[in-house]
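Below you'll find the structure, written out as structure tokens, and then a few comments.
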Amino acid sequence: MNRLGVATVLPIAAVVALLMSGCAADRGEPDRRETFRVTEGECTASWWLERLVEDVPAEAEAVARDALMNAVVTDEATAEWQVIIEDSDSSDAEIRQDRLEDQAHIEVVREQVRVALDAAGYPDAPTRVIEVYSALSCS
């Protein structure tokens, strides 16, 4: 997995929890939605691209959209993100396996958008121009 830096990814668990707290209803139809299996059932994930600055270049939007639509979630990338999520959790409670799987799935896709933007000259720092928000529903 190509990471943009530990400082970028370590707060992921907190950000994911915040992003999945119901704010997705305000975003309209997602830019990507998919259903996938986890240990304890099935989840549907949704992702939205959102501009974070006023003048986002059309190229950056195209790169982000293409990366979001073509992101591939592999077992290897999911396993790597599970480790990152576990390592970034500051609580003493163990994270359930199905929760690790669904959170990791979301982050694999989000990471591929960030990596594509970085490769196109739109890195996260000093200013992220496009954010990938997500929501998750599992049964």
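Listed values, structure above:
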item: Tabulated pairs, segment 104-119, first among the polar types (S, T, N, Q), second part of a helix (DSSP H, G or I), C-beta under 7 angstrom, 6+ apart or interchain; result: Gln112/Ala67
item: Any chance Thr35 is free of Cβ contacts under 8 Å to residues at least 12 places away in the same chain and touching a strand residue (DSSP E or B) at 6+ places or on another chain (Cβ under 8 Å); result: yes
item: Residues satisfying the stated conditions in segment 13-37, i.e. within 20 Å of Arg65 (Cα to Cα), at pLDDT 85 or above and either surrounded by fewer than 16 Cβ atoms within 10 Å (Cβ to Cβ) or among the hydrophobic types (A, V, I, L, M, F, W, C) (or both); result: Gly28, Glu29, Arg33, Glu34, Thr35
item: Output for segment 119-128, where each listed residue is out of contact with any Leu (no Cβ under 6 Å at 6 or more places or on another chain) and either buried (at least 17 other Cβ atoms within 10 Å of the Cβ) or farther than 9 Å from Ala60 by Cα (or both); result: Ala119, Tyr122, Pro123, Ala125, Pro126, Thr127
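One line per residue, one yes/no per condition, for (1) closer than 25 Å to Ser139 by Cα; (2) among the basic types (Lys, Arg); (3) crowded, with 20+ Cβ neighbours inside 10 Å:
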{"site": "Glu54", "(1), (2), (3)": "no, no, no"}
{"site": "Ala64", "(1), (2), (3)": "no, no, yes"}
{"site": "Val72", "(1), (2), (3)": "yes, no, no"}
{"site": "Glu86", "(1), (2), (3)": "yes, no, no"}
{"site": "Ser91", "(1), (2), (3)": "yes, no, no"}
{"site": "Glu101", "(1), (2), (3)": "yes, no, yes"}
{"site": "Ala104", "(1), (2), (3)": "yes, no, yes"}
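Listed here are the residues, each with its yes/no results for (1) among the acidic types (Asp, Glu); (2) in contact with a helix residue (DSSP H, G or I) (Cβ under 6 Å, 6 or more places away or on another chain).
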site: Trp48; (1), (2): no, yes
site: Arg51; (1), (2): no, no
site: Ala67; (1), (2): no, yes
site: Ala77; (1), (2): no, yes
site: Asp92; (1), (2): yes, no
site: Glu101; (1), (2): yes, no
site: Gln112; (1), (2): no, yes
site: Asp124; (1), (2): yes, yes
site: Val132; (1), (2): no, yes
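The values are calculated or read from the model by the stated rules, or taken from the named source; none is laboratory data. None of the values given here were measured: they were computed from a predicted structure. Here the Cβ is made from the backbone with ideal geometry for all residues, glycine too, and neighbour counts use every protein chain on show.
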